[in-house]
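The structure appears below as structure tokens.
The values are calculated or read from the model by the stated rules, or taken from the named source; none is laboratory data. All values reported here derive from a predicted model rather than from experimental measurement. Every residue, glycine as well, gets a Cβ built from its backbone with ideal geometry; the counts of neighbours run over all protein chains shown. The area values use the complete protein model at the heavy-atom level, side chains included, leaving out ligands, DNA and RNA. Shrake-Rupley method; radii C 1.70, N 1.55, O 1.52, S 1.80 Å.
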Amino acid sequence: MDKPTILVQLDTDSLPSVFDRVVAVDAGAAHVFAYGGVSPENVRELVHGCIFTRGLKDLHRTAIFIGGSDVATGEKVLAAVREYLLPQYGLRVSVMLDPNGANTTAAAAVRAAARHLNLAHTPALVLGGTGPVGQRVARLLARQGAEVRIGSRQRERAEAVCLVLREQVPDARVEAVATASSSDAPAALAGRVLVIAAGAAGVVLLPKKVRATCATLQVAIDLNAVPPAGIEGVEAGDLAVKRDGVLCYGPLGVGGAKMKLHKTAVARLFERNDQILDAEEVYELAQAL
Amino acid sequence: MDKPTILVQLDTDSLPSVFDRVVAVDAGAAHVFAYGGVSPENVRELVHGCIFTRGLKDLHRTAIFIGGSDVATGEKVLAAVREYLLPQYGLRVSVMLDPNGANTTAAAAVRAAARHLNLAHTPALVLGGTGPVGQRVARLLARQGAEVRIGSRQRERAEAVCLVLREQVPDARVEAVATASSSDAPAALAGRVLVIAAGAAGVVLLPKKVRATCATLQVAIDLNAVPPAGIEGVEAGDLAVKRDGVLCYGPLGVGGAKMKLHKTAVARLFERNDQILDAEEVYELAQAL
Amino acid sequence: MDKPTILVQLDTDSLPSVFDRVVAVDAGAAHVFAYGGVSPENVRELVHGCIFTRGLKDLHRTAIFIGGSDVATGEKVLAAVREYLLPQYGLRVSVMLDPNGANTTAAAAVRAAARHLNLAHTPALVLGGTGPVGQRVARLLARQGAEVRIGSRQRERAEAVCLVLREQVPDARVEAVATASSSDAPAALAGRVLVIAAGAAGVVLLPKKVRATCATLQVAIDLNAVPPAGIEGVEAGDLAVKRDGVLCYGPLGVGGAKMKLHKTAVARLFERNDQILDAEEVYELAQAL
């Protein structure tokens, strides 16, 4: 008989996420081992406990999920986990990174855009493009061949993200734009076919009257769940709703696909023991849904 | 297929109660997510993780249990949990409060008395009536129409509890009595038909010779599990045992019904997603057992 | 229907061991309640939660596992757990102690030796004999009637362990030897038939050229999993491999039996509610495998 599936939830917050834990159960994990306060410094024994307990043929029945509200720390934990796996002996388990839902949210948003647009060569603007979700959205768009403009209140931060993106995606076509004041918005939006807003809660990144100035815009996706909307006029529940000629998605509209993707990705972990599911791999899953 | 049941155990102590966790399993929870160190300040994400993960038709398969040794903090956590539920959108889960077993113990004790007495108009004395269990016992008795005397070593504290009770139960008939020294006891007990002792461990609240002076007494219930008995002469295991003409219940005698009630209440959480089980609701369940 | 089995994992480290938790699942525990940061000071309520929740006929479906990287603290937690069980009322659950895998490792190592040697009267040397695994190896050997030499860099520490062993095993035949420098090694090894190395990682306790001087040696067991080997020339995976006329076991060779033993011991906890599985009891299980 197959050994029970175990998801080891490594959370960088002190209380491990109930959200991720419920999704793990609903994705079919028989046991969820939830750990809070996980850091690169204390993760070694947890990883070794995963790889040294079951024989090679059962290692795919154990997997690791890395979560928590701090995306940067989550990424460091992933790096540490990879360091402690021993692939040279086949001693590894599959790992998924989704701190703050960043990977599943970004993948679901880009996937929504791809239902309407051929992303290759699509001129796109990512508002809040220097935050953890925004950076992943930009990276996924760049990989699909889109022309990505990264918007940030501080242009230097957007430039820095562009540098990183050009390293991660060699043929990336990215540029930085300042979106410090509303007077910057028309220029940032000019010629864009797709806009995705992934900014902080409580900030209107794109006022309605600015949006009306952009004749090329076809798809607008707002990922901000806390009112006011990041893209003024988009409703939270919008799911490909046409408003003023633009197809709109709101955070709850994207959320349904994000949740399905999250569950699918966790279930997928138990199929093989050699997967690392970061933004790109989660996006591949989204394409197959 | 129904989603697995999940009980999210929010415990205000640093190590979440094994007791509550075992009872949750035995009540049929498929998964228990146990959290220690929960406070009103850190409970928001935990609640949101409950209500934002499953569709409306499955929300009753997730529920929250609030425990811990500090009843007052548990009550504050309940208030915070209620604040973060979103009933206006149907986004809520059922919640049970039972810190230190206070609700199930008080309900089981009052239910035991109700098997022998018509509580309406019954003159009752609650010793240790200002503690968390005592206050709940007094409240449940007052709601049933009993004439409740609240005993405390400090009369002012008993008066304060009376004020609260009159707010919570508008037609409550309650009065405060001092039980500072053994010479106070005869007056406190005078005319009482029921006495329930819910005081601190290690204190004899009612000596045998005082009890003998009270001709009206019919039922005596002692909830103190650590010797010496709070009501002298009552044995821990007493379950409606007649001693000197008085029906006696000891802590273990009440404990069996308390345990059954605890289990029933947890199981009940998974029937609907809109229940808040505090003392009164638990008592209703006790009446149906 | 039987109540689900529950293993309460009491771990003295802040993050409870994933290793022990996976083994618990694979041993058949339906639920594992994992607690980190457990100490003799905070264990009382956890133990009471085990013994006060299920009826006498179901108490064997709950059990306690004590783990963590600090063996001495684990032993203190075991002492505290025993104090809070109430065997006089039948209120107890079975308990297993295996901090850092010390008991299962020591038992598996001694059991490996017993497959080739009649341990009674066997002259043995335990290198690293004052560490937690080494002390258990020495104790198990002494109980089997072996003549045990305890090696330590500091002779006084080895003497102290001998004193303890003579108290624990009244007819123990033990003596201390210093193994401070490689020049001590030949004398320590002289006349030995069995050598077991249980020292700290990264130290060669027995160089190959010293081993070659000992004509009586038949079995060499090295428990150090981190290179270099504690007994030079023994390979990590050795499982009764003959090298230079000596049967060799390496840490991974012993590890398979240790893992099987660990699982068997956990499963055994749920058969009765009155077992305390420390080194000797685990060794008895090893003999039956």
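Helix A:251-269 and the longest principal axis of the C-alpha atoms of chain A enclose an angle of approximately 30°. How fast does segment A:241-280 diffuse by Stokes-Einstein, in µm²/s, taking the Kirkwood radius from C-alpha pairs at 20 °C and 1.002 mPa s? Answer, rounded: 173 µm²/s. When Lys and Arg each count +1 and Asp and Glu each count -1, what net charge do the other residues less than 14 Å away from A:Cys214, Cβ to Cβ, add up to? Local net charge: +3. Accessible area per residue (1.4 Å probe, heavy atoms of protein chains only) ranks B:Met1, B:Met96 as B:Met1, B:Met96, with the largest value leading. Computed from the C-beta positions of B:His121 and A:Lys260 and an R0 of 51 Å, the FRET efficiency is 0.30 to the nearest 0.05. Less than 5 angstrom separates the built amide H of A:Asn224 from those of A:Gly230, all sequence-distant by 5 or more or on a different chain.
What do you reckon, how do A:Ser94, A:Ser183, C:Ser17 stack up by accessible area (1.4 Å probe), largest on top?
Largest accessible area first, the residues go A:Ser183, C:Ser17, A:Ser94.
A simple count of charges around C:Leu117, restricted to other residues whose Cβ falls under 14 Å of its Cβ and scoring Lys, Arg +1 and Asp, Glu -1, yields +2. The coefficient of translational diffusion for segment C:156-226, derived via Stokes-Einstein from the alpha carbon Kirkwood radius under 4 °C and 1.567 mPa s, stands at 96 µm²/s.
Note on segment C:6-97: Cα-only Rg and Dmax are 12.3, 35 Å. Of the listed residues B:Arg149, A:Arg272, B:Arg166, the order by accessible area with a 1.4 Å probe, largest first, is A:Arg272, B:Arg166, B:Arg149. Put the Cα centre of segment A:100-139 next to the Cα centre of segment B:176-194 and the gap is 73 Å. Taking amide H as placed 1.01 Å from N in the peptide plane, A:Arg243 has its amide H under 5 Å from the amide H of A:Cys248, each at least 5 places away in sequence or on another chain. Shown here is the pair-distance distribution of segment A:50-187: with all Cα-Cα distances grouped in 10 Å bins from zero up to the longest one, the shares run 12, 32, 30, 17, 7, 2, 0 percent.
Near A:Arg268, once Lys and Arg are set to +1 and Asp and Glu to -1 for all other residues with Cβ below 15 Å from its Cβ, the sum equals -4.
Please work out, to two decimal places, the log10 of the ratio I(q)/I(0) at q = 0.07, 0.09 Å⁻¹ from a Debye calculation in which every Cα of chain A carries one identical scatterer. Evaluating at q = 0.07, 0.09 Å⁻¹ gives log10 I(q)/I(0) of -0.27, -0.44.
Annotation: amide H-H contacts under 5 Å for C:Thr62 (H modelled 1.01 Å from N, sequence separation of 5 or more, or interchain): C:Ile6. Under the simplified labelling scheme, the A:Asp184-A:Val203 pair shows an inter-label distance of 0.9 nm, with each label point 7 Å from Cα along Cα→Cβ. Taken per residue, the accessible surface of the protein assembly as shown reaches 40 Å², heavy atoms only and a 1.4 Å probe. Adding -39500 (n - 2.57) for every DSSP H run of four residues or longer, then dividing by how many residues the protein assembly as shown holds, sets the calculated 222 nm ellipticity at -11000 deg cm²/dmol. In chain A, the longest principal axis of the Cα atoms and the axis of helix A:155-168 are about 50 degrees apart. When only alpha carbons of the protein assembly as shown are considered, Rg and Dmax amount to 32.9, 95 Å.
Rounded is the label for segment C:104-254. Its Cα gyration tensor axes, ordered a ≥ b ≥ c, give a/c under 1.5. In terms of distances greater than 21 angstrom between alpha carbons, the cross-link table entries B:Lys209/B:Lys242; A:Lys208/A:Lys258; A:Lys3/C:Lys258; A:Lys260/B:Lys3; B:Lys76/B:Lys258 yield A:Lys208/A:Lys258; B:Lys76/B:Lys258. Taking all Cα pairs closer than 8 Å and separated by 6 or more residues, the relative contact order of chain B comes to 18 percent.
For the protein assembly as shown, the carbon plus sulfur part of the accessible surface works out to 51%, probe radius 1.4 Å.
Take the Cα of C:Thr213, step 7 Å toward its Cβ, do the same at A:Arg155, and the gap between the two points is 7.8 nm. For segment C:104-254, the antiparallel share of DSSP beta bridges with both residues in that region comes to about 15%.
Using alpha carbons only, what's the Rg to Rh ratio of segment C:36-78 with Rh from Kirkwood?
Numbers: Rg = 11.8 Å, Rh = 11.5 Å.
Radius of gyration relative to Kirkwood radius: 1.03.
Principal-axis analysis of the Cα atoms of chain A puts helix A:102-114 at an angle of about 50° to the longest axis.
Scanning chain C for GluC sites (Glu not before Pro) lying in DSSP loops with no more than 13 further Cβ atoms inside 10 Å, the longest uninterrupted stretch between such sites is C:42-270.
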